[in-house]
Structure formats: structure tokens, C-alpha cells
1. Suppose each label sits 7 Å from its Cα in the direction of the beta carbon; what would the W63-T229 distance come out to in nanometres?
2. Starting from the Cα of I137, step 7 Å toward the Cβ, then list every residue of region 185-203 with an amide N under 16 Å from that point.
3. Among 167-176, 149-158, 35-44, how do they line up by average Cβ neighbours within 10 Å per residue, starting with the highest?
4. Would you mind checking K36/K163; K43/K71; K39/K81; K79/K168; K71/K154 for any pair whose Cα atoms are more than 31 angstrom apart?
5. How high is the FRET efficiency between D44 and A75 when r is their beta carbon distance and R₀ equals 45 Å, given to the nearest 0.05?
6. Once you have the Cα-Cα distance between V146 and Q192, take 0.36 nm times their residue separation minus that, and quote the gain in nm to one decimal.
7. If packing is taken as the mean number of other Cβ atoms within 10 Å per residue, what is the order of 47-56, 217-226, highest first?
Amino acid sequence: HGLGTRLHLVNMPPKFKFSEGERVLCYHGPLLYEAKVLKVQMKDKAPQFFVHYNGWSRSWDEWVPESRALKYNEANLLKQKELQGLHPDKQRRPKKRERPKRELELTPSTRRKRSRHDQQESATREPSPDREVRVDIPQELRKWLVDDWDFVTKQKQLVRIPKKVTVKDILEKYSEHVSESDPEKAKSGQVQEVCHGLREYFNAMLGSQLLYKFERPQYADILESHPDTPMAELYGVEHLLRLFSEHNDQQTRGFILLTCT
């Protein structure tokens, strides 16, 4: 009737790769675990999935980005078995084995329920302020993180691995420094415990959380050429800084607080 056609823009709901109730394989540390998607949401324009790891306590339920979840199919099940072969020490341990006191497990497969006595003891124990460890990145190092991101993602340059000074070396130097400057704190063993925990946490998180896509082929080569060497003895300061970056500092800070309690 002579009227121009009007186009109405409609806000279409976002499409998610996985749906609520779907069975998936999810990275936790270097391994893949069967999980179920409980919720989906968009956060900072990126899809997030709240997953429950099958057979494990609800305390392990967590929000994960799309990059940590895979479709549950034959190809990815084969990938799961391959990763288990590369990391046999991270696989499920017999339930009869007692959990050493103060040991912190890093994957759902090594989670243990505390005894009723331990639960009552922790409920009555008041938090100790001097055990809190804050992880704050100075502004100068934040600039390094930006440069590191640009170096890898834009310029397509890789950090040379193995590093001359590794994550293990850095944490040992820090522990030595604290021992010299504060002997009383060194005697408590707290700093050594935190450094040991950070080293193990780095080993567990590097493959799934601390690498850019361009770095993954190099990581695969490193795993093949150094199958028995922990990643903290190969990677260096660049990747350690990423562990404390804005994306991970909340999770890492919580981990440090746990190792100190």
C-alpha cells in the first residue's frame, strides 16, 4: 500500500553450545571428567555453564567457561582416556586410602569427605587473621600481563620453554627470602606449605586455564618431550603471573587461604 517495509529488531535469546541437563566432559586440571550441565548463563558476553561432576560432592559444582567443556561423544571419550594415560598420578585413588591431614586435593577425583570430628573441630575453630595471605599484583606486573597477552595473541610469538628460571625456582627463592627476613614465620612452615601448594596448583591448572590457544600445540609437544617433568619445572614467570591475573585471582586466593588453615 505504498508503505515502506519496517524491520523490527528483536533481541534473540543467546544460543548456547550446551543445554541444561546435558551430559558433557569437563576439564578440571589436566583431566576430563564426566559432568552434567545444571545452569547456563551469559556473563561478560561469554557463555558460562554451572556443572556437577558425576559421582562427586556438590561442593565441587562450579561455573566453567565454554572452553572447559566438551561434547560427550566417542572422540572426546578417547581424548579423556589419552589424558588419563598422560597423567596417571591424577586419576582416582582407592577410597580406602586415608587422606593425610592438611592435604589439599586439586581435582574432583581426589576429593574426600572429612570425618565428623574434623567437621566439628573446624566449626568451632575461629579464623586466624595472621594466616590470611593476600595476592595482589603490582601495577608494573599488570602491564607485563598485557604485554604478554599481546606478545602471544597478536604477534604470535611463543615463550621459549623450558625456561632458565622456572616457577619452582621462583617459589623456592621466595621461600628462602622469607626465611631470611622473618625466621619466626619460616619456623612455622607456613610459607613452605603455601609455596608447595602453589606449585602443585600451577601444575594442575596450566593445561586447562593458563594457556592461550596459540600456545596449546607447544604445550602438547612439551608433554610429549617431558612426560615425567612437572610443568612448574619447565614454565616460568609469564605463566605464573597469569595464575594471579584478574581472571584467576579470586580462585587462587581462596586456594591459598585453604592451604593456610
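FYI, it's all coordinate maths here, none of it is from the lab. Predicted, not measured: the structure shown is a model, and the values here were computed from it. Backbone-built Cβ (ideal geometry, glycine too); neighbour counts: all protein chains shown.
1. So the two model labels end up 3.8 nm from each other.
2. Answer for this model: 202.
3. 167-176, 35-44, 149-158
4. Flagged as over cut-off: K36/K163.
5. The pair D44/A75 has a calculated efficiency of 0.90.
6. Value of the extension gain: 13.6 nm.
7. Highest-to-lowest ranking by the protection proxy: 47-56, 217-226.
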